[in-house]
Amino acid sequence: MTLPHGVVETPQFMPVGTNATVKALDPDDLAEVGASIVLANTYHLFLRPGHERIERLGGLHRFMGWDRPILTDSGGYQVVSLADARVVDEDGATFRSHIDGSIRRLTPEIAIGVQEALGPDIAVAFDHPVYPSSPRHEVEQATERTHRWAERSLGAHRRPDQALFGIIQGGVDPELRDRSTRFIAGLPFDGICIGGLAGDETPVERAAALDVVIPLLENDPRPRYLMGLGSPIDLLEAVRLGVDLFDSVLPARVARNGQLWVPGGRLNLRNSAFQDDPRPVQEDCPCRLCRTFSRAYVAHLFRARELLAYRLATCHNLTFTLDFMGRIRTALRNGTFPESLAELRAHAGRQTPGAPTVEPA
């Protein structure tokens, strides 16, 4: 993807900078771990510090000191998952701020206006997400509303220098996924988001939904963005099915809990077994943690609750994730992806929070 602030090679993973920062990292850290694009959250920045203030201060890139591409999501998911006393109607969503309790409102037009003020390279249409396990009539109602809001988002968007992506919904219902894919793909968006598939569905249900969506987009050259997916094995399987772009808080969140991703699995550096371990977390990793510090030192930082632990661990997990995406791109570019799948799966391991801790030789 060629964007105003740079070129983004796909498939690609976007670190999440919810409040215009990836937790514990500064822009130099992000560049060092290999990030080419980051995500910031419309809902959070709308509430604090406010899009008008960010616009007055020169826009989101200048505000956060990041000169590479940014994508902002629409805020719809956060309205559903975070806000209190929310009421969703045909026009938009009214909710109580989880920060100060004030009553706020987002509509497709307001969400687009907020994103135009923030100035990311990619904005996203306002949608009405629901959890995949919701009753079918609720999923259908939200999906149809998402379609109407997609048209309104397009009508409100005015910035020619900013791409706008639409969102497919439909839960895990094949008919609704088919209907939503055909509708959103028929609109003049610059990219296609696949929403509602990183919630409470099973991996089998997610794969089945993607098996409906991706074939319908087979001849569509626009980027396909699966929202909210972050474990390496899940990223690999989604790329195999035909997805280009991802985001998730998972690599950074588990890092702050002491879970360090390594080839084949993960290490829990809060475990006392690492207190006397002089080795780096990963021998061949170029991140600053692995170049400089031992497992014992980082284990000490976590036990002492030193802030440096969170920074180093986050740098490592994002380096691992972005390096893994680079390995996938290399295999695709060389035409060796199918025969590389077994090796890539072994490298990814099971880095989900419930996975067993591994100890590489």
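Compute the relative contact order of the chain as a whole-number percentage, counting only Cα pairs closer than 8 Å that sit 6 or more residues apart in sequence.
Working: 684 pairs, mean separation 54.2, N = 361.
Computed value for the chain: 15 percent relative contact order.
The reciprocal of the average 1/r between distinct C-alpha atoms defines the Kirkwood hydrodynamic radius, which for the chain equals 21.0 Å. Beta-bridge orientation, the range 2-248: approximately 30 percent antiparallel, per DSSP, counting only bridges with both partners inside.
The charge dipole of the range 53-128, taken about the Cα centre with unit charges on the Cβ atoms of Lys, Arg (+1) and Asp, Glu (-1), comes to about 360 debye, rounded to the nearest 20. Estimated from helices alone, the mean residue ellipticity of the chain at 222 nm is -13000 deg cm²/dmol (sum of -39500 (n - 2.57) over DSSP H runs with n ≥ 4, per residue).
For the range 226-361, the residue among M227, L308, V254 whose Cα projects farthest onto the positive side of the dipole built from Cβ charges is L308.
About its Cα centre, how strong a charge dipole does the chain have in debye, to the nearest 20, once Lys and Arg get +1 and Asp and Glu get -1 at the Cβ? Walk me through the numbers on the way to the answer.
Working: 39 positive and 46 negative charges, 179 e Å.
Roughly 860 debye, rounded to the nearest 20.
Once you wrap a convex hull around the alpha carbon atoms of the range 254-348, what is its projected area averaged over all directions, in nm²? Provide the component values of the computation, followed by the final result.
On the way: hull surface 23.5 nm².
Average projection, Cα convex hull of the range 254-348: 5.9 nm².
Trypsin sites (Lys or Arg not before Pro) within the range 77-173: which are DSSP loop residues with at most 12 other Cβ atoms inside 10 Å? Present the calculation step by step, with values, prior to reporting the outcome.
Details: sites: R86, R96, R104, R105, R136, R145, R148, R152, R158; in loops: R158.
Of the trypsin sites (Lys or Arg not before Pro), the ones in loops of the range 77-173 whose Cβ has at most 12 other Cβ atoms within 10 Å are R158.
Projecting the Cα atoms of L3, Y43, V204 onto the charge dipole of the range 2-248, computed from C-beta unit charges around the Cα centre, puts Y43 farthest toward the positive end.
Where a number appears in this text, it was derived from the coordinates with a stated rule and is not lab data. Nothing here was measured: the structure is a model prediction, and the numbers come from that model. Glycine also receives a Cβ, built like all others from the backbone with ideal geometry; neighbour counts cover every protein chain displayed.
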